[in-house]
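Only one structure is covered here, and it is reproduced in the block below.
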Amino acid sequence: MAKIVGIGNVVLDIILQTPHFPHEDEELRAESQRYEVGGNVCNSLYVLQQLGHDTTIMATLAADTAAKQLLQGLKAKQISTDHIQRFIKGQTPISYVLQSRQTGSRTITHFRDLEELSFDYFAKAEIEQYDWLHFEGRNIENLSGMLKIARTFLTHQPISLEVEKAREGIEALFPLANVLFFSHHYARQKGYQSAEVLIKSVQSLAPKSQLICTWGTEGAWYQSAGGQIQHQPAITIDH
């Protein structure tokens, strides 16, 4: 069992199941409503927790009702909240999700009015106790310093960075992580038409890093530092 800390965003998802996607100015009754703990890092940690690992989230929350719901949800998922930075001002991030039964699509409207995790808060954490540090590719202004601290004080632990969206300055962070996860959304935003093309392009920016790029139903492509690009097909699961 590994001790893994994820640094990123935690979001309250309010999910409404609707018969179809609403037309503009339409009044539509939802068939169901549920609340979920969301955010890329939280989702990753929950999967890792189910695989038997000890997981911790490092993120920010406000002092509102949504924060209380998220803390309860994280506790239920057995994700530690020992490193949550709290702010009196602002509101906890919320995603409003419309899930259409007709098409299966998920339309998301996200609201955020909360400060990102501060460099000073991260710097005080005893990161040496963890076996793996995973960073969400956001909060670029503070993330550079956080990654540099991790590279300075950690000896053998993997430091991974999730690159989901194209954000200004994020490419400069690639050499600071030794594992990089790319989404096909980022690849397409940057003009790459396949995972292989993206990996070949990124090699020069992070020659010592392991590179992984997911591509939906086509699976994932990955490359160890100095190795060959390989492909892992997606596995179809019957619901």
Among Q230, Q210, the single one that is at pLDDT 95 or above, under 22 Å from the mean Cα position of the chain (by Cα) and open to solvent by 80 Å² or more (accessible area, probe 1.4 Å) is Q210
Answer yes or no as to whether T81 is open to solvent by 40 Å² or more (accessible area, probe 1.4 Å) and touching a helix residue (DSSP H, G or I) at 6+ places or on another chain (Cβ under 7 Å). yes
Which strands (runs of 3 or more DSSP E) does the range 144-239 wholly contain that include 1 or more residues that are in contact (Cβ under 8 Å) with a residue 40 or more places away in the chain? 159-163
Just give me the residues in the range 213-227 being open to solvent by 50 Å² or more (accessible area, probe 1.4 Å) and in contact with a Leu (Cβ under 7 Å, 6 or more places away or on another chain), in sequence order. Y222
Considering only the range 85-129, state which residues are of a type in the set (A, V, I, L, M, F, W, C) and more than 21 Å from A2 (Cβ to Cβ). F87, I88, I94, V97, L98, I108, F111, L114, L117, F119, A123
Does at least one position in the range 197-207 carry a residue that is closer than 20 Å to L143 by Cβ and either open to solvent by less than 20 Å² (accessible area, probe 1.4 Å) or among the β-branched types (V, I, T) (or both)? yes
Residues that are of a type in the set (V, I, T) and either over 19 Å from V41 (Cβ atoms) or open to solvent by 50 Å² or more (accessible area, probe 1.4 Å) (or both): does the range 174-193 have at least one? no
Please go through (1) in contact with a strand residue (DSSP E or B) (Cβ under 9 Å, 6 or more places away or on another chain); (2) open to solvent by 30 Å² or more (accessible area, probe 1.4 Å); (3) closer than 29 Å to E141 by Cα; (4) modelled with pLDDT of 95 or more for N40 and return the number of the only condition it doesn't satisfy. (4)
Within the range 85-107, is there a residue that is touching a Ser or Thr at 6+ places or on another chain (Cβ under 6 Å), under 23 Å from L48 (Cβ atoms) and not hydroxyl-bearing (S, T, Y)? yes
For the range 12-47, which positions are touching a residue at least 40 places away in the same chain (Cβ under 8 Å) and closer than 19 Å to I84 by Cα? L12, D13, V37, G38, G39, N40, V41, S44, L45
Scanning for something of a type in the set (A, V, I, L, M), in a helix (DSSP H, G or I), open to solvent by 10 Å² or more (accessible area, probe 1.4 Å) and under 27 Å from G145 (Cα atoms), does the range 44-52 turn up at least one residue? yes
Restricted to the range 112-145, and to residues that are open to solvent by 30 Å² or more (accessible area, probe 1.4 Å) and in contact with a Pro (Cβ under 7 Å, 6 or more places away or on another chain), which residue is modelled with the lowest pLDDT? R112
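The values are calculated or read from the model by the stated rules, or taken from the named source; none is laboratory data. All of these numbers come straight from a predicted model, not from anything done at the bench. Here Cβ is always computed from backbone atoms with ideal geometry, including for glycine, and neighbour counts include all displayed protein chains. Protein only, heavy atoms only, side chains kept; ligands, DNA and RNA dropped before computing areas. Shrake-Rupley method; radii C 1.70, N 1.55, O 1.52, S 1.80 Å.
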